[in-house]
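Each remark here refers to the structure printed beneath this line.
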Amino acid sequence: MMFFGCDRETSAISYFQLTPFNTIHHFLCDDHINKQSFLINLIGNIFVFSPFGWLGLTIKKLNKIIPLILFFILTISLIEITQSITGRGVADIDDVILNTIGMLFGYSTFKFATWKNIANIRFYLYLKYTLQVSNIK
C-alpha cells in the first residue's frame with residue numbers, strides 16, 4: 001500500500017519533507033484541497049497503522065510503551081526514506097507523526113481491551129506466552 005497503493009507511480013524526484021506539521025497544516029487550512037484527499041492522507045495515516053499497536057501485546061520485548069514507540073518510529077522512518085529513494089512517495093515527517101499516533105491509538109485500545117478482557121484477549125495472550133515458554137524449555 002505504501003509503495004504501490006493509491007495509483008502511485010515511480011517519480012524521478014526524491015523529496016524529504018522534514019518540517020513537522022507542514023503537511024497537516026496544508027491539508028487543514030488550504031481551501032482548494034478536496035475532502036477525499038484530506039480523509040485519505042490524515043485519517044488514513046492514523047487508522048491504517050492502529051493495528052500495529054498489537055505489537056506491544058504480542059511481542060514480549062515491545063510490551064512497554066517506550067521500546068514500542070522507538071521500534072515503530074525507526075521502522076516507519078526507514079519505510080518513508082525507502083519511499084522517497086525509490087520514487088514511490090515523499091519522505092514526510094508528518095506521515096511518521098500520524099502513523100505513530102495511529103499505532104498509539106491501537107496500543108491504547110488493545111491495552112484497554114486486555115485490561116477489561118474484552119473478547120477474552122487476556123486468556124489468549126496468557127495461552128500464547130505459556131506455549132512459547134513451554135516450547136523454549
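The values are calculated or read from the model by the stated rules, or taken from the named source; none is laboratory data. The structure presented is a predicted model; accordingly, all values stated were derived computationally and were not measured. Positions of Cβ are backbone-derived with ideal geometry, glycine not excepted, and every protein chain shown enters the neighbour counts.
In region 35-80, how many residues are closer than 25 Å to HIS25 by Cα and touching a residue at least 12 places away in the same chain (Cβ under 8 Å)?
16
Check PRO67, PRO51 and return the single one that is in contact with a Lys or Arg (Cβ under 9 Å, 6 or more places away or on another chain) and modelled with pLDDT of 90 or more.
PRO67
Go through region 23-40 and count every residue that is in contact with a helix residue (DSSP H, G or I) (Cβ under 6 Å, 6 or more places away or on another chain) and either loosely packed, with under 13 Cβ neighbours inside 10 Å or not aromatic (Phe, Trp, Tyr) (or both).
Of the residues in that region, 3 qualify.
Do we have any residue at all in region 88-111 that's in contact with a Gly (Cβ under 9 Å, 6 or more places away or on another chain), touching a residue at least 12 places away in the same chain (Cβ under 8 Å) and among the basic types (Lys, Arg)?
Yes - at least one qualifying residue is present in region 88-111.
(1) at pLDDT 85 or above; (2) loosely packed, with under 13 Cβ neighbours inside 10 Å: which one isn't true of ILE46, the others all being true?
The one condition ILE46 does not meet is (2).
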